[in-house]
1. Which one of VAL217, VAL231, VAL258 is assigned to a helix (DSSP H, G or I) and either under 29 Å from ARG32 (Cα atoms) or touching a His at 6+ places or on another chain (Cβ under 6 Å) (or both)?
2. Does region 337-358 hold any residues that are assigned to a helix (DSSP H, G or I), polar (S, T, N, Q) and open to solvent by 90 Å² or more (accessible area, probe 1.4 Å), and which are they?
3. Out of curiosity, is GLY71 open to solvent by less than 10 Å² (accessible area, probe 1.4 Å), farther than 16 Å from ALA279 by Cβ and at pLDDT 95 or above?
4. Condition check: closer than 20 Å to ALA214 by Cα, out of contact with any Pro (no Cβ under 8 Å at 6 or more places or on another chain) and either at pLDDT 95 or above or not aromatic (Phe, Trp, Tyr) (or both). Does GLY24 satisfy that?
5. Those residues that are more than 29 Å from ALA283 (Cα to Cα) and of a type outside the set (Val, Ile, Thr), I need them from region 1-34; list them, please.
6. Test ALA153 against the stated conditions and say whether it is farther than 16 Å from PRO332 by Cβ and crowded, with 16+ Cβ neighbours inside 10 Å.
7. Of the conditions (1) open to solvent by less than 10 Å² (accessible area, probe 1.4 Å); (2) without any contact (Cβ under 8 Å) to a residue 12 or more places away in the chain; (3) aromatic (Phe, Trp, Tyr), TRP120 clears all except one; give me its number.
8. Could you give every pair whose Cβ atoms fall below 7 Å, whose first residue belongs to region 343-358 and is of a type in the set (A, V, I, L, M), and whose second residue is open to solvent by less than 70 Å² (accessible area, probe 1.4 Å) and in a helix (DSSP H, G or I), counting only separations of at least 6 or pairs across chains?
Amino acid sequence: ELTHWVDPVGAVKIVFIMKMLFAGFGMYGFVRDNWGRRAGYVATAVFLYAPYVQYIDPHARGVLPESFSFGAFALALWALDRLRSTSGRWPWLASVLLIAAVILSHNLMGLLFFGILVGWAVWLLFFVYQKSEQRRIVARLLLPALALGLGVAAFFWLPVILERNAVNLNTLIGRQDNYDFHTHFLSIREMLSPTILLDWGASEPAFRFNLGIAQWVLGGLGLVLLFLGKVRHIRHLAYFAMMLILLIMLMLPWSTIVWETIPFLPFFQFPWRFLGAAAALLAILAGAGTASIGNLMCYKFRPKQQESNWHVNCRAWAAVLFVLFPIILGLPLSQPSPWPDFGEVNHLRMTLIENTGRWLGTTS
């Protein structure tokens, strides 16, 4: 609403840009604080240039709320992580409000991202922290912040539970149509395939629901180094690796029985919707992995007469190459078609369009 001082279309564009900025700052801050500044740069590039985050959601689908949830999640993750080491009024308030923002951004991705945040806090409590003082931080700060953030957003999700019998939610679950999850699973080949060039002459340019070559290569590198025990904060990183594997499994046809068994999963409609969350997890793994591989490479190939700053410069240039990798491979999606002229945008025009029977009762 604050952006409506410009025209409505411009306001939508501003919020899309805010989402990219929030996602970048949040991912950079979280990875930097845990695996170093250069790792933060790599993770940011991997996240922002993931095909689903860069193009599919904002341009091909035009899903403003879901796109915004990526930025809200990254900031909330960073805020909760900062709360572990910097207790105080403002970190606490920021964490609570950003958790509420995650839930309020998108009804489906908010549920997924909130679940990832809760699982992360529980993982820290039982599998990462060994000292009782560290566990008290999670129990007294992180978990209450998550609970209070959920409470702040209760005006949004509580009516869904209390008044679910007063509305028809079953129309959100498809039956052999576009909203049927059975028709939207991905294959391993499609997820790992390269991005294709956009055809500007097409009314609906073809694209692939893929993870992105740079994303799965660098994220996979982090996964391998995690299994080999060559990364910092192994137990911490293991949680994000497990969440990534779980999300990838849920996008494959093998998980059909899981989708049919768990009641709320069909409301997600499209298994490939998890590509956005997978991109965030791949970015974390990529940042941690490239930080370790940069140190190992620069140490192994150092000259015999090593200069004092050679190792530092080597790691810096390694980080530059890792950052350029997702940016260069993201070029095919970096020039989408310009937005056409929408004409006049106001309530009257929307009402007239609906009265013609087009998009009746939808969010379009």
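1. Details: VAL231 fails: assigned to a helix (DSSP H, G or I); VAL258 fails: either under 29 Å from ARG32 (Cα atoms) or touching a His at 6+ places or on another chain (Cβ under 6 Å) (or both).
Answer to the selection: VAL217.
2. Restricting attention to region 337-358, the residues satisfying the condition of being assigned to a helix (DSSP H, G or I) are 347-355.
Now narrow it down to the ones that are polar (S, T, N, Q): 351, 355.
Passing the criteria: only ASN355.
3. Details: open to solvent by less than 10 Å² (accessible area, probe 1.4 Å): yes; farther than 16 Å from ALA279 by Cβ: no; at pLDDT 95 or above: yes.
For GLY71, the condition - open to solvent by less than 10 Å² (accessible area, probe 1.4 Å), farther than 16 Å from ALA279 by Cβ and at pLDDT 95 or above - is not met.
4. When the stated conditions are applied, GLY24 passes them.
5. So in region 1-34, the residues more than 29 Å from ALA283 (Cα to Cα) come out as 1-10.
GLU1, LEU2, HIS4, TRP5, ASP7, PRO8, GLY10, listed by residue number.
6. Values: farther than 16 Å from PRO332 by Cβ: yes; crowded, with 16+ Cβ neighbours inside 10 Å: yes.
Against the criterion (farther than 16 Å from PRO332 by Cβ and crowded, with 16+ Cβ neighbours inside 10 Å), ALA153 qualifies.
7. (2)
8. VAL345/PRO8; VAL345/VAL9
The values are calculated or read from the model by the stated rules, or taken from the named source; none is laboratory data. Quick caveat, the model's predicted, so the values are computed rather than measured. Neighbour counts run over all protein chains shown; Cβ positions are idealised from the backbone, glycine included. Keep in mind that these areas ignore ligands, DNA and RNA; they rest on the heavy atoms of the full protein, side chains included. Shrake-Rupley method; radii C 1.70, N 1.55, O 1.52, S 1.80 Å.
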